[in-house]
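The values are calculated or read from the model by the stated rules, or taken from the named source; none is laboratory data. Quantities reported herein were computed from a predicted structural model and do not represent experimental measurements. In this analysis, Cβ positions are derived from the backbone assuming ideal geometry, glycine residues included, and neighbour counts consider all displayed protein chains. Each accessible area value is taken on the protein alone, full model and side chains, heavy atoms only, with ligands, DNA and RNA left out. Shrake-Rupley method; radii C 1.70, N 1.55, O 1.52, S 1.80 Å.
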Amino acid sequence: MSQLSRLVRIARTDFSYFFRTKWLMAVLISLSLSDMLVVGLVYTRLIPASNAIGSSYFQFLVPGIVVVGLFSAATDTGRRIWLALREGVVQYYLTLPIRTRGLVGAYIISGGLGGIVYSGALLIIAYLSFMLFGAPIPVQGVLYALTLIPFLFVLSTGIAGLAAFFASVSRRGEIYWVYAQALQVSMVTVSTVFYPAQTIAQYLPAPVATIAEYNPLSLAAGVLRNSAFGGNALETGALANLLATSLPLAVIGALAYWIILRTIRLKGKP
Amino acid sequence: MFAVETLSLSKRYGKTDALRGLNFTVNEGEIMVILGPNGSGKTTLLMILCTILKPTSGTAKVVGIDVVEDGTKVREVMGIAFQEARGFWRHKPSSILRFHASMFDIDPAKRQDLIERTMKDLELWESRDKMFMHLSGGQAKRLETAKVLIQKPKLAIFDEPTSQVDLRGKRKIWDKIRELRDQGSTIIVATNEVREAEYLADRVTILHQGQRVVCDTIPKLKDAIAGGDIVEVDFEDPVSEKLVGSLNGLGGDVSLSPEGNQLRAKVSKAEDWVPKMTSASYVAGAKIASIRITEPSLDDVFLHFTGKALADQP
Ligand SMILES: Nc1ncnc2c1ncn2[C@@H]1O[C@H](COP(=O)(O)OP(=O)(O)OP(=O)(O)O)[C@@H](O)[C@H]1O
Ligand SMILES: [Mg+2]
């Protein structure tokens, strides 16, 4: 068996761990659906359609929720790395005939897969709910969504990398959960997932608005709204920004995880 | 070529020297038991051999491959059952074994059959529907052993394979380890249980404070300590210091129990020593209640060498 096929197997096993954790799935799905349907529909009544949000808040929010789903699923990589460090499975992995960088790659890839599979499912639900509530979906939108898959995958590995970074620096400590929470709140809050860029620029200092604009979650939400749901041609600029902001995060995470594996080799524990 | 060879191997964790210039070899196809008290560095040595740990200095080779230079190649030929079982918490035993088998290229057509057979052999079949995290300590240890048995690596390492395992299970595991050797694997077993060593070992290495104290077959180790036999004598009444003094003059290593009526002597030949002892006792007027002659057990060997090493410390 080649290094590559071992990498794929490890990624698959780790990936399956995400779906094995039943409580996690239950929480994630109920949060995503309630955000999409309850929040979306209630707020739509409160917030009038405008240039910034388009025809309704529901249509603005739902693509954002798909991105939040991707974010949550990809950050689960951090939890899995943290568990592997705590449960000592990492040491088992280190006895398998695969290079250390293969092991690191496997985790980042499985994080990417988790994000893409979960958000893919949400996307389908989102399309269905659009149809249910009478919002039109252009046929090209679906094609654009398919084209977006590799980009969303890269975004997902970036988020996984960020989570891997926090898991690695917290080693076996409970502090990981604080980091994870802070990451979730800050990345989602300072983004255009829940509110348009104009609103942020209106109420918050300019640097925050800029961060929100280049937050990869905002970029992804924007592309989804514009193309996957709006049917407009994909903007290469936004896609390039998405890659440029996601890839470094994936690299940072891979590096942090690699360092923790090296530490285990030297000290016998993370 | 040795299956395993280490040269002045050292490992230091912060201020603890876990291994101190260890020279250690294992021949191909033998079961080498590493016997050592807690903290003697057994696990550290095994972790270095399976490339989880980097040595601080010195070298280690597995079937001629350097563990630092070419870790991935080493990992292809060896398998380890950890002292503390490690598995995916939310997987069932068979799925953990399937994953392991796939990592080591076990023929997919035979995999399922092999897994089922090994699980039955190790009495794990009844626990097949439990997740790893719900296995008992002993069941998890059996699973740890099962991984290596399925893998049939060139070098199989078992770190205290039967700690937490019940008596029947111990026997099963020991028999399986021997079977693995008979099929051509080289085996290292680390333990602090003398019985385990007695059952399994082709040779024993006694490790103490990160150093090799001695390495040989069990019969030779027994011969090596203070001649050979142990004579235990019970007297009807406590005996005098004078008698002990004169018995000490007969050769051998004599010690008296605190109550003063039980004598334990390590002597080279019981058949020479006992007649001399009985006549000396008769002269001193001490009445003998019973005499027992035993060969030294591996326990004695273990205590002898690890005790002596302790005494040698500055
Ligand atoms: N990760 C670690 N960090 C610091 N010290 C360690 C670490 N692992 C082991 N040690 C120390 O190294 C020494 C050797 O430990 P090791 O685990 O190799 O012993 P052992 O012979 O396997 O003991 P046991 O029979 O209890 O399993 C001990 O003094 C231990 O405290
Ligand atoms: Mg140990």
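List of remarks:
- Put simply, the C-alpha atoms of the stretch A:163-270 give a gyration tensor, and the ellipsoid matching it has half-axes of 33, 17, 11 Å, longest first.
- Taking a quarter of the surface of the Cα convex hull of the stretch B:62-140 gives a mean projected area of 6.1 nm².
- Inter-part distance where the stretch B:133-178 and the stretch B:1-40 are each reduced to a Cα centre, Å: 21
- Solvent-accessible area per residue, Å², over chain B with all protein chains present [probe radius 1.4 Å]: 45
- Virtual spin-label span in nm between residue B:291 and residue B:128, 7 Å along Cα→Cβ: 6.1
- Amide H partners (placed H, <5 Å) of residue B:12, local residues excluded: B:18, B:56
- Helix axis angle, B:137-151 relative to chain B longest principal axis, alpha carbon, degrees: 70
- Charging the Cβ of each Asp and Glu at -1 and of each Lys and Arg at +1, and nothing else, the dipole of the stretch B:18-162 about its Cα centre rounds to 320 debye.
- Here the translational diffusion coefficient of the protein assembly as shown follows from Stokes-Einstein with Rh set to the Kirkwood radius across Cα pairs; for 10 °C and 1.306 mPa s it amounts to 57 µm²/s.
- A convex hull fitted to the Cα coordinates of the stretch B:139-263 yields 164 cubic angstrom per residue.
- Members of the stretch B:91-110 that become less accessible by 20 Å² or more once partner protein chains are added (1.4 angstrom probe, chain alone as reference): B:91, B:99, B:100, B:102, B:103, B:104, B:105
- 3J(HN,Hα) couplings calculated from phi for the stretch A:196-213 with the Karplus curve 6.51 cos²θ - 1.76 cosθ + 1.60 (θ = phi - 60°) are, in sequence order, x, 4, 4, 4, 4, 4, 5, 10, 10, x, 4, x, 5, 4, 5, 4, 4, 5 Hz; Gly and Pro show x.
- Estimated FRET transfer efficiency (residue A:232, residue B:154; beta-carbon r; R0 45 Å; 0.05): 0.15
- Carbon + sulfur, % of accessible area of the protein assembly as shown - ligands and nucleic acids excluded, 1.4 Å: 58
- Dimensionless Rg over Rh [the stretch B:1-105; C-alpha; Kirkwood]: 1.00
- Note on the protein assembly as shown: with charges restricted to the Cβ of Lys and Arg (+1) and Asp and Glu (-1), its dipole about the Cα centre is near 1400 debye.
- Distance (nanometres) between label positions extended 7 Å along Cα→Cβ at residue A:169 and residue A:29: 3.5
- A dipole drawn for the protein assembly as shown from +1 and -1 charges on Cβ atoms has a positive end, and of A:36, B:273, B:133 the residue lying farthest that way is A:36.
- When the Cα positions of B:192, A:259, B:174 are compared along the charge dipole of the protein assembly as shown, A:259 comes out farthest toward the positive end, with charges on each C-beta of Lys, Arg, Asp and Glu.
- Helix-only [θ]222 nm of the protein assembly as shown, DSSP H runs n ≥ 4, -39500 (n - 2.57) each, per residue, nearest 500: -18500 deg cm²/dmol
- Rg and Dmax over the alpha-carbon atoms of chain B stand at 23.7, 78 Å.
- Here is the interface size for B with A: some 2700 Å² of accessible area buried, both sides summed, with a 1.4 Å probe.
- Unit Cα scatterers, Debye sum, chain A: log10 I(q)/I(0) for q = 0.12 Å⁻¹: -0.72
- Mean projection of the Cα convex hull over all viewing directions, computed for the stretch B:227-295: 3.8 nm².
- Pairs of Cα atoms nearer than 8 Å and 6+ residues apart set the relative contact order; for chain B it is 19 percent.
- Taking every C-alpha pair closer than 8 Å and separated by at least 6 residues, the mean separation divided by the residue count of the stretch B:19-165 gives a relative contact order of 26 percent.
- Residue of A:51, A:241, A:215 that the Gaussian network model of chain A assigns the largest fluctuation, springs spanning Cα pairs under 10 Å: A:51
- Note: relative contact order over the stretch B:166-314, using C-alpha pairs below 8 Å and six or more positions apart, is 25 percent.
- Lys/Arg +1, Asp/Glu -1 at C-beta; chain A dipole; positive extreme among A:52, A:177, A:71: A:177
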